[in-house]
Amino acid sequence: MTDWIQLRETKLKTGATLEDYRDFVERGVYYVDKTWFIREFWRDGNQVVMYTRPRRFGKTLMLSIVRAFFEKEYDRDGNLIDKRPFFEGRKILDAEPKILEQMGKYPVIWYSLKDCNQVNFEDFSLWMKGTLSIAARRHDYLSKSKNLDKDEIKLFQHLLSRTLSVEDAANAFVNLAEWIYRDTGVKPIILIDEYDTPLQWAHKYGYYEKVLPIMRSMLGAALKTNGNFTKALLTGCLRISKESIFTGFNNPVVHSILNYEDKEYFGFDHEEVRDMLHYYELDDQYPEIENWYDGYQFGENHVFNPYCLVLCLRAILDEKCGVQKGLPPSSIGPFRCYWSNSSGNAIVNEVIRKHPEYRSDVETLLAGKTVEKPIYEFITYRDLDHLPDVIWTFLLYAGYLKSIRTYKDADEKIFAELKIVNREVWAIFPTFITQFLNENIRKNDLPAFYQDLWDCNAPKVAKYINNLLVSTISYYDQKESFYHGIMTGILSCIADVEIKSNRESGNGRPDMILRDYNNARAIVFEFKYSDNLVAMKRDLALAVQQIQDKAYGAELLAEGFEQVVGVAIAFFAKRSIVQTMNLEE
């Protein structure tokens, strides 16, 4: 029998949230070796290379691997840092000598845009100046350079002190690359993380048109072919149109999730996951982990979400150690949604809320089926407002959907057969359905519905529920939870009442109880889920009989409630029938 406490103490730690490669080395954290990517990047014949992958797929970590290998660094005493110890035992050391000769030879400009989430242009400007200052500080030797004139040094010092104008800040990359080359005699390598994030948030908060020219100047001008840099590597979520940012130079070579790649460096493949589980003696967990976190398809490669998988693995180990100590297992368990992707989530919400014509498509996806939609390779965030169909491209690139197959029609337009990626992503959609439902509830006459319940007006109660069922989205492979969620959503919007689900009462277990303490009254709900229209009347009668036979109202009357109402509801598809009764009689 495995001693899980001892195993956790002796094995390498897990590090789902680490984003700097050297942290894995220095902290003794389990690392899935992706260092061969260094060779792929260097051997790519293009000067500017871009990889687009969903959030939480290790893009920042991959950039840090490239930086750790190529960057020429000195310690605090001015001694050149030997990079080889960081890569002992890694695959990259098997590369050809001409690759290994590049280790530790280049200045590196590192610029991360991933944390840009400002709600207005003024805050964005301050944030941009701050992050550019951080990027420049790695090259503070330029402030004493004999190869820069006084005006250039002054401009560089403004860059460090965050006192640049917005226009000068937008040109910071052009200047910084030129100054580094002039001072060191070596053209730097430029690494830019999550390049499209500022545009995404600017679109969301309404200052897109102000940010676009700045990003175009900052990136487009800085990355002109044959500029003052050796190579550039960019990562992002979406493949932004050339006309949007990269005007003025050849579009970067983009490795998107639709491109064929011999090897996938973002995410874990099946062999890597099996090796990791075997290391932690968790081989038996593979089927469930595969069900939850596998399913992503990048080109021809099938991969797991690395961030969520590692968090789940850690939760499994924690629970096993807890049980070994005599603690009860977690009520929610280790298999759940770990993927925090607020930006992508906003896109899902937009599909459900703003595009009622796509609700049937979402229902089809939630049922485990596929939909076929056009895919736009070159897009801008403005397209969200003008081309509704482009939303499916966003969902694909953001990692919510996967492409089962792609094809071109007679007009050379690209189409993809799309499906929800896995169980974890599936679990995200009901959250937005609930939000959408609650918005619809507030738009309807909720007080009138509430009064109809107390008046035992079954036809009006049924009409209100049916209107919501028609306008919302169902996911039929979990019928009971869907209808239960509908009723929870409706009742939770009523002020000053207590809602309890599946609580013991009387001789049975009603589906839901509403207590209105202010008015000394309560409602008991019993739901039935029918297989067809014909069965609804039969199931409704069973619900009524259950309320009566099990005396659901007895305990509530004993509590002192003066009015107790019973509500029986039978559901099928987007229809309900209702019967009400006074239980105090």
| message | Looking only at residues that are surrounded by 16 or more Cβ atoms within 10 Å (Cβ to Cβ) and farther than 16 Å from LEU282 by Cβ in the range 1-19, which one is modelled with the highest pLDDT? | response | GLU19
| query | Among ILE494, ILE490, ILE513, which is among the β-branched types (Val, Ile, Thr) and at pLDDT 90 or above? | reply | ILE513
| task | Report, by residue number, each residue of the range 291-322 that is within 17 Å of GLN6 (Cα to Cα), touching a residue at least 24 places away in the same chain (Cβ under 8 Å) and not charged (D, E, K, R). | result | LEU313, ILE316, LEU317, CYS321
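Out of the residues in the range 225-259 that are outside any loop (DSSP other than H, G, I, E, B) and not hydroxyl-bearing (Ser, Thr, Tyr), which is modelled with the lowest pLDDT?
My answer is ILE240.
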| note | Counting only residues in the range 388-421 that are over 12 Å from TYR376 (Cβ atoms) and of a type in the set (Ser, Thr, Tyr), the one surrounded by the most Cβ atoms within 10 Å (Cβ to Cβ) is identified as TYR400
| field | Residues being of a type in the set (Phe, Trp, Tyr) and over 26 Å from the mean Cα position of the chain (by Cα) - total across the range 29-40 | value | 1
| query | Does TYR51 satisfy being in the same structural domain as TYR106 (by TED's automatic domain parsing), buried (at least 16 other Cβ atoms within 10 Å of the Cβ), hydroxyl-bearing (Ser, Thr, Tyr) and under 27 Å from the mean Cα position of the chain (by Cα)? | reply | yes
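For the range 143-161, indicate whether the set of residues that are small (Gly, Ala, Ser), out of contact with any His (no Cβ under 8 Å at 6 or more places or on another chain) and crowded, with 19+ Cβ neighbours inside 10 Å is non-empty. Full working, then the answer.
Start the filter on the range 143-161 by keeping residues that are small (Gly, Ala, Ser), which leaves 143, 145, 161.
From the residues that got through so far, the ones that are out of contact with any His (no Cβ under 8 Å at 6 or more places or on another chain) too are 143, 145, 161.
Next, only the ones that are crowded, with 19+ Cβ neighbours inside 10 Å stay: none.
Within the range 143-161, not a single residue is small (Gly, Ala, Ser), out of contact with any His (no Cβ under 8 Å at 6 or more places or on another chain) and crowded, with 19+ Cβ neighbours inside 10 Å.
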| Taking PRO213 and the conditions (1) surrounded by fewer than 16 Cβ atoms within 10 Å (Cβ to Cβ); (2) at pLDDT below 85, which numbered condition does it fall short on, given that it satisfies the others? | (2)
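Given the condition at pLDDT 90 or above, surrounded by 17 or more Cβ atoms within 10 Å (Cβ to Cβ) and of a type in the set (Phe, Trp, Tyr), answer yes or no: does some residue in the range 163-181 qualify? Lay out the reasoning, then the answer.
The initial filter retains those residues of the range 163-181 that are at pLDDT 90 or above, namely 163, 175-181.
Now narrow it down to the ones that are surrounded by 17 or more Cβ atoms within 10 Å (Cβ to Cβ): 175-181.
Still in the running and of a type in the set (Phe, Trp, Tyr): 179, 181.
Yes; the residues of the range 163-181 include at least one that is at pLDDT 90 or above, surrounded by 17 or more Cβ atoms within 10 Å (Cβ to Cβ) and of a type in the set (Phe, Trp, Tyr).
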| said: For the range 154-196, which positions are touching a Ser or Thr at 6+ places or on another chain (Cβ under 9 Å), over 14 Å from ALA221 (Cα atoms) and small (Gly, Ala, Ser)? | reply: SER161
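Name the strands (runs of 3 or more DSSP E) wholly within the range 512-578 that hold at least 1 residues that are among the aromatic types (Phe, Trp, Tyr), in contact with a strand residue (DSSP E or B) (Cβ under 6 Å, 6 or more places away or on another chain) and within 28 Å of SER471 (Cβ to Cβ)? Quick ask: steps written out before the conclusion?
Details: elements: 512-516, 521-529, 563-572.
The qualifying strands (runs of 3 or more DSSP E) are 521-529, 563-572.
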| Residue selected from the range 462-484 under the condition under 17 Å from ALA568 (Cα atoms) and of a type in the set (Ser, Thr, Tyr), by the criterion modelled with the lowest pLDDT | SER481
| task | Name the residue, out of ALA520, ALA554, ALA535, ALA541, that is assigned by TED's automatic domain parsing to the domain that holds ILE465 and closer than 30 Å to PHE429 by Cα. | result | ALA535
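Which ranges mark the helices (runs of 4 or more DSSP H) fully within the range 88-197 that have 1 or more residues being under 22 Å from ALA68 (Cα atoms) and charged (D, E, K, R)?
Working: elements: 97-100, 121-137, 150-161, 166-170, 172-184.
Passing ranges, in order: 97-100, 121-137, 172-184.
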| said: Whether any residue in the range 364-381 is within 22 Å of ALA427 (Cβ to Cβ), of a type outside the set (Gly, Ala, Ser), surrounded by fewer than 20 Cβ atoms within 10 Å (Cβ to Cβ) and free of Cβ contacts under 8 Å to residues at least 12 places away in the same chain is what I want to check. | reply: yes
| query | Across the range 515-537, what is the number of residues that are without any contact (Cβ under 8 Å) to a residue 40 or more places away in the chain and surrounded by fewer than 12 Cβ atoms within 10 Å (Cβ to Cβ)? | reply | 2
| If a residue has to be farther than 23 Å from LYS231 by Cβ and either of a type in the set (Gly, Ala, Ser) or outside the structural domain of VAL186 (by TED's automatic domain parsing) (or both) to count, how many in the range 62-91 make the cut? | 2
| message | Of the conditions (1) part of a helix (DSSP H, G or I); (2) surrounded by 15 or more Cβ atoms within 10 Å (Cβ to Cβ), HIS302 satisfies every one except a single condition; which number is it? | response | (1)
| So is GLN324 more than 16 Å from ILE420 (Cβ to Cβ) and at pLDDT 95 or above or not? | no
| Breaking point among (1) farther than 30 Å from PHE41 by Cβ; (2) under 32 Å from the mean Cα position of the chain (by Cα); (3) without any contact (Cβ under 8 Å) to a residue 60 or more places away in the chain, for TYR207 | (3)
| field | For ILE499: the one exception among (1) among the hydrophobic types (A, V, I, L, M, F, W, C); (2) without any contact (Cβ under 8 Å) to a residue 40 or more places away in the chain; (3) not in a strand (DSSP E or B) | value | (3)
| task | Kindly list the number of the only condition in (1) touching a Leu at 6+ places or on another chain (Cβ under 6 Å); (2) buried (at least 21 other Cβ atoms within 10 Å of the Cβ) that fails for ILE547. | result | (1)
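The values are calculated or read from the model by the stated rules, or taken from the named source; none is laboratory data. This one's a predicted model, so the numbers in the text were calculated from it and none came from an experiment. Please note: Cβ atoms are built from the backbone with ideal geometry, for glycine as well, and neighbour counts cover all protein chains shown.
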